[in-house]
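**Student:** Sending over a structure as structure tokens; questions will come in a sec.
Readers should treat all values here as calculations from the given coordinates under stated rules, not as data from a laboratory. Every value quoted in this text rests on a predicted model; they were computed, and no experiment measured them. Methodologically, a virtual Cβ is constructed for each residue, glycine included, from the backbone with ideal geometry; neighbour enumeration extends over all protein chains shown.
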There are 2 protein chains.
Amino acid sequence: MSLKYAILGLLNVAPMTGYDLKHQAFDATVRHFWPADQSQIYRTLSQLADSGWVSVTVEAQDDRPDRKIYAITDGGQQALMAWLTSDQAVPILRDPLLVQLFFGQEVPRVELLRVVGEQLAVHQARQAAFEQIPIPPLASRPDDRWLGLQHLTLDFGLALERAYVDWLQRCLEAVTALPDVDDAGDFRARFTAVSPED
Amino acid sequence: MSLKYAILGLLNVAPMTGYDLKHQAFDATVRHFWPADQSQIYRTLSQLADSGWVSVTVEAQDDRPDRKIYAITDGGQQALMAWLTSDQAVPILRDPLLVQLFFGQEVPRVELLRVVGEQLAVHQARQAAFEQIPIPPLASRPDDRWLGLQHLTLDFGLALERAYVDWLQRCLEAVTALPDVDDAGDFRARFTAVSPED
DNA sequence: GACATATATATGATAAATCATATATCAGAC
DNA sequence: GTCTGATATATGATTTATCATATATATGTC
């Protein structure tokens, strides 16, 4: 489970509370390629503490809940380094849109174009958001490993979104070129009254 | 949940047993973009039967377990069509490799190159596998919606794997260009004795 | 004769992610 | 005076996916 090691990686930079970890460190970095909500992060911190990979220092506060400051331990560092160099299974991207297209034979063209268009808009927005993340060019500090490696993860996000946008535009063209179903006019009346469960 | 609708989509072509669904229909098609094992498929079929979207006909057999033949119902077809035209959340690709790179600052170059190289080999193999799936050119049957739409899902798989291969090759170059950590020699001795949990 | 593979369905256990909700207070906006 | 947002942690419930295992027989392979 990568989240465990992502959190370990963040704590390897500096000790933090779960709150700061989530709202500063995590949301600015890891969230882009491994999203997780507050509850999952707190639970994962508990697990890490149980396995001795992080230590906890409680700092009492009168007005607010006590702060629990988490720090990586020696054991945690070893576990992190071992994991960082381990072979990981290659993930499969499960995209509901592929299911919708694969079984879309009886779906009227306008509906397909709408569904594909909505996805295209989201991917274009994501692409634009990635393009706005300011990363200084590596040429300025060619000796900076940190900069170089983190730049690669952003580069992946960009490449992925560009591939999506290209493909979705090809989808729009292809669907437009395809013949429509015979009873396209009836479709809304027949089916859109049914609300899918998700 | 897309698996439910993928199964509904397959049963919309022809009634089937869970066994045939898994070993013929599913593994030849949906598996490439939405993998699922036997137990999940049987459980999902039970759910679909409970909600009345598929019907079950039991065919007794002497030597082997009874065959349960699942067929889509009218309600199932309506649910399928409604879902096929619904807006779906855009998924986020969670790739452990991105976590490994992002936190790889202290990892020796050889280790990074090995990890990236392993991923590259898998993606190259996937790309080759996708390229071997025989799909007749759409030009031969421009009126075939089925062919056109299913071709788009394959096209996505190919585009994704090409983007991966390109990016991973850039990663190899970038990591090679980056300076190595100072204590690269010690790394194996220090850390690889620790076996990560996953 | 032993062992793997195909046919056929099912449950138990666990891990991971998501959503909702609970508690408590302070500061600042309107 | 009320409402929102920041600070701070935690649990419950549910869904989805994965892995292991159970049962039962026939056929073909080594």
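**Student:** Taking a label point 7 Å out from Cα toward Cβ, give me the nm distances from A:Val58 to the same spot in the other copies, shortest first, one decimal.
**Tutor:** 5.7
**Student:** Right, next: Taking H as built 1.01 Å from N, whose amide H comes closer than 5 Å to the amide H of A:Phe103, not counting residues under 5 places away?
**Tutor:** Under 5 Å from the amide H of A:Phe103 lies no amide H from a residue far enough along the sequence or on another chain.
**Student:** While we're on this one: Distances in nm, one decimal, shortest first, from B:Asp186 to the same residue in every other copy, taking the label point 7 angstrom along Cα→Cβ.
**Tutor:** Copy-to-copy label distances for B:Asp186: 7.6 nm.
**Student:** Please give the Cα centre distance for region B:102-123 versus region B:38-73, rounded to the nearest Å.
**Tutor:** 45 Å
**Student:** On to the next question. Taking a label point 7 Å out from Cα toward Cβ, give me the nm distances from B:Asp87 to the same spot in the other copies, shortest first, one decimal.
**Tutor:** Spacings between copies for this position, smallest first, are 4.3 nm.
**Student:** Projected onto the charge dipole of region B:96-191 (+1 at Lys/Arg Cβ, -1 at Asp/Glu Cβ, origin at the Cα centre), which of B:Pro179, B:Phe103, B:Ala121 gives the Cα projection farthest towards the positive end?
**Tutor:** So the residue we want is B:Ala121.
**Student:** Right, something else. Long-range amide H contacts for B:Thr17: which residues qualify at under 5 Å (H placed 1.01 Å from N, peptide plane, sequence gap of 5 or more or a different chain)?
**Tutor:** Close amide H contacts, sequence-distant or interchain: B:Tyr70.
**Student:** Taking neighbour counts of Cβ atoms within 10 Å as a proxy for exposure, in what order, fewest first, do A:Val90, A:Val99, A:Val58 appear?
**Tutor:** Listing A:Val90, A:Val99, A:Val58 from fewest to most nearby Cβ atoms yields A:Val58, A:Val90, A:Val99.
**Student:** Name the residues whose placed amide hydrogens come within less than 5 Å of the amide hydrogen of B:Val54, ignoring near sequence neighbours (fewer than 5 apart) on the same chain.
**Tutor:** Long-range HN contacts for B:Val54: B:Ala49, B:Thr73.
**Student:** Here's another thing I want to ask about it. What is the total of Lys pairs in the protein assembly as shown with C-alpha atoms under 29 Å apart, excluding same-chain pairs fewer than 8 positions apart?
**Tutor:** Final tally of qualifying lysine pairs is 6.
**Student:** Could you give the dipole magnitude of the protein assembly as shown about its Cα centre, charging the beta-carbon of Lys and Arg +1 and that of Asp and Glu -1, in debye to the nearest 20?
**Tutor:** Dipole size: approximately 40 debye.
**Student:** Another one. Given points 7 Å out from each Cα along the Cα-Cβ axis, report the A:Ser55 to B:Glu131 separation in nanometres with one decimal.
**Tutor:** Going by the 7 Å Cα→Cβ label model, 5.4 nm.
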